[in-house]
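Q: Sharing a structure below in structure tokens format, with a few things to ask.
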Amino acid sequence: MAALVWLVAGVLLLAAEVLSGDFVLLMIGVAALAAAGSAAVIDVLWVDVAVFAVSSVVLLAAVRPALRRRMLAGDHVKTNVEALVGGKAVVLSTVDAHGGQVKLGGEIWSARAYDETQVIEVGRAVTVMDIAGATAVVWAEG
């Protein structure tokens, strides 16, 4: 009977992990399944609790950090506005601290100069420093 309780608890914790996504419930669920195995073989309550406790601590301390690193590793793909920052644009109408237009990624954007003293002439290549709402904040070197 104890094995069945541990088994149900483990399966419920594994199912609950789907909602949290933090791998804590996953580790505790696996520890409960280990305790279910212990209960099925030995069927001594204090041994089952010890197996659960040791398994939980080991899984949370050793396996979870490695699993999180593995899941979070990889290249971050820039999307939307984040992908435009650092890109190049071409000035279509004179850009200063108050306004102007640039062609950025094949589209026309309103723009303003990053440096308020800068006046950027038509045809000049600029770098997008930031996107503020629907306005590209640009910088012309030199």
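The values are calculated or read from the model by the stated rules, or taken from the named source; none is laboratory data. This one's a predicted model, so the numbers in the text were calculated from it and none came from an experiment. All Cβ positions, even for glycine, are placed from backbone atoms using ideal geometry, and neighbour counts span all protein chains on display. Side chains included, ligands, DNA and RNA excluded: accessible areas come from the protein's heavy atoms. Shrake-Rupley method; radii C 1.70, N 1.55, O 1.52, S 1.80 Å.
Q: Restricting to region 131-142, and then to whatever is open to solvent by 40 Å² or more (accessible area, probe 1.4 Å) and over 29 Å from the mean Cα position of the chain (by Cα), can you tell me which residue is farthest from K78 (Cα to Cα)?
A: The residue in question is G142.
Q: Kindly indicate whether any position in region 74-85 is open to solvent by less than 50 Å² (accessible area, probe 1.4 Å), outside any helix (DSSP H, G or I) and in contact (Cβ under 8 Å) with a residue 40 or more places away in the chain.
A: no
Yes or no, residue by residue, for (1) open to solvent by 70 Å² or more (accessible area, probe 1.4 Å); (2) part of a loop (DSSP other than H, G, I, E, B); (3) in contact (Cβ under 8 Å) with a residue 40 or more places away in the chain:
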| residue | (1), (2), (3) |
| --- | --- |
| F52 | no, no, yes |
| A62 | no, no, no |
| V102 | no, no, no |
| R112 | yes, no, no |
| D115 | no, yes, no |
| M129 | yes, no, yes |
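Q: Identify, please: which residue in region 117-127 is surrounded by 15 or more Cβ atoms within 10 Å (Cβ to Cβ) and aliphatic (A, V, I, L, M) and is, among those, nearest to the chain's Cα centre (by Cα)?
A: This residue is V126.
Q: Which residue is surrounded by the most Cβ atoms within 10 Å (Cβ to Cβ), if the candidates are limited to region 17-50 and must be outside any helix (DSSP H, G or I) and under 34 Å from the mean Cα position of the chain (by Cα)? So that I can check it myself, show each step before the final result.
A: To start, the set of residues in region 17-50 that are outside any helix (DSSP H, G or I) comprises 21-23, 42-44.
Adding the requirement that they be under 34 Å from the mean Cα position of the chain (by Cα) leaves 21-23.
Values: G21: 10, D22: 11, F23: 17.
Among those that are outside any helix (DSSP H, G or I) and under 34 Å from the mean Cα position of the chain (by Cα), it is F23.
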